[in-house]
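In what follows, a single structure is set out as structure tokens and then discussed.
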Amino acid sequence: MQQREPSASESYFWPSVWAIGLHVLVFALLFVSFAMTPELPPSKPIVQATLYQLKSKSQATTQTNQKIAGEAKKTASRQTEVEQLEQKKVEQEAVKAAEQKKADAAQKAEEAREAAEAKKAEEAAKTAEAKKAAEVKKAEEAKKAAEKQQADIAKKKAEDEAKKKAEEEAKKAAAEEAKKKAAEDAKKKAAEDAKKKAAAEDAKKKAAEEAKKKAAADAQKKKAQEAARKAAEDKKAQALAELLSDTTERQQALADEQGDQVAGDFDDLIRMRAAEGWARPPSARKGMTVVLQINMLPDGTITSVGVSRSSGDGPFDSSAVAAVKNIGRLTEMQGLKPNEFNPYRSFKMTFTPEDLAL
């Protein structure tokens, strides 16, 4: 807060008061001193005459001297009166001056009082003005505070409304997003269900095809077995009849021919059985050939399978070995005679990728 500069009247107020008070004190001391001054003794004549009585002088001389003494006494008395008058005049002038000073001091005191009252009134007016200005300022500050409070309330209300609106929009957006996601999930689920259904249909169709294929293979296998059995029986009967009617050389030729025919039938049977469980590898190509060494028991059980000559492709060779091993046992071999089975105890067979078509 800026300090107020004192006015000229305020600057000379206290020095004037001190000066007036000092003068009043001096006049009071003078008045007291005059009042307490003792009365002075009558002044003596300045001219003193000494009378000497001489016996030798005459009476005239004596009279003259007396006259002169009387004149001198009168002169001294008049001088004393003049001095007293002058002293009284000085005293009166001093009293008058003291009274004048007292009046001046009183006047100055009155002026000082009036100045003090004026200053007090001025200060009161200034205080009132300052108070009024403070009240005005306070009222303005209160008004500003009220306006600010109203503005803050309005701002807060606007912020709350904006926040509420943002929350509602966020909820709405979340609901839309959830709805959209639910629709996408439903669509995705429907697509997955359709895909699963299609896969199930494909699997069912494939299973049906495989079952149909297996049934056809089983029928073909059974038909081949039946044909092989019937052919073997026919050939056995024919061979037996020919052996009974022909010579020994004829019988031997027929037996060799019958053995070759039986061997060809069983080779086809082995290839057909191997093709049923043969998983063709991706590397299999036309023109590949693998020769397998197969060992079998008289009851048709395959004991071992090995690669005699590789095709040059390991996966194809392994798949052919596994396919033959999976046959397990050929029950059709049980009806062969020992001399007919002997070629199958240990024999070689050639397999190609085309054998898978069997």
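The values are calculated or read from the model by the stated rules, or taken from the named source; none is laboratory data. Computed from a predicted model, the values in this text were never measured in an experiment. Every residue, glycine as well, gets a Cβ built from its backbone with ideal geometry; the counts of neighbours run over all protein chains shown. Areas reflect the complete protein model, heavy atoms only, side chains present, ligands, DNA and RNA absent. Shrake-Rupley method; radii C 1.70, N 1.55, O 1.52, S 1.80 Å.
Ranking Arg271, Arg285 by solvent-accessible area of protein heavy atoms (1.4 Å probe, all protein chains present), from largest to smallest, gives Arg285, Arg271. Go ahead and run the numbers for FRET between Gln84 and Tyr12, Cβ-Cβ distance against an R0 of 45 Å, rounding to 0.05. Efficiency, rounded to the nearest 0.05: 0.50.
Legend: residues Thr64, Thr80, sorted from most to least accessible area (1.4 Å probe; ligands, DNA and RNA excluded), read Thr64, Thr80. Taking the Cβ-Cβ separation of Ala198 and Thr301 as r and a Förster radius of 41 Å, what is the calculated FRET efficiency to the nearest 0.05? According to the calculation, E is roughly 0.40. Note that the range 110-119 has calculated 3J(HN,Hα) couplings of 5, 4, 4, 4, 4, 4, 5, 5, 5, 5 Hz, one per residue in order, obtained from phi through the Karplus relation 6.51 cos²θ - 1.76 cosθ + 1.60 (θ = phi - 60°); glycine and proline are x.
At what distance in angstrom do the alpha carbon centres of the range 175-201 and the range 291-305 lie from each other? Taking the Cα centre of each part, the range 175-201 and the range 291-305 sit 55 Å apart. In terms of packing, defined here as the mean over residues of other Cβ atoms within 10 angstrom, the peptides 328-334, 192-198 line up highest first as 328-334, 192-198.
For the range 191-200, the Karplus equation 6.51 cos²θ - 1.76 cosθ + 1.60, evaluated at θ = phi - 60°, returns couplings of 5, 5, 4, 5, 5, 5, 5, 5, 5, 5 Hz by residue, with Gly and Pro reported as x.
Annotation for Glu129 and Ala146: the two label points, set 7 Å from Cα along the Cα-Cβ direction, are 2.8 nm apart. Computed with a 1.4 Å probe on the full set of protein chains, the accessible area for Ser283 sits at about 40 Å². Remark: the range 275-280, residue by residue, has Karplus-estimated 3J(HN,Hα) of 5, 5, x, 8, 8, 6 Hz, where x stands for each Gly or Pro and the curve is 6.51 cos²θ - 1.76 cosθ + 1.60 at θ = phi - 60°.
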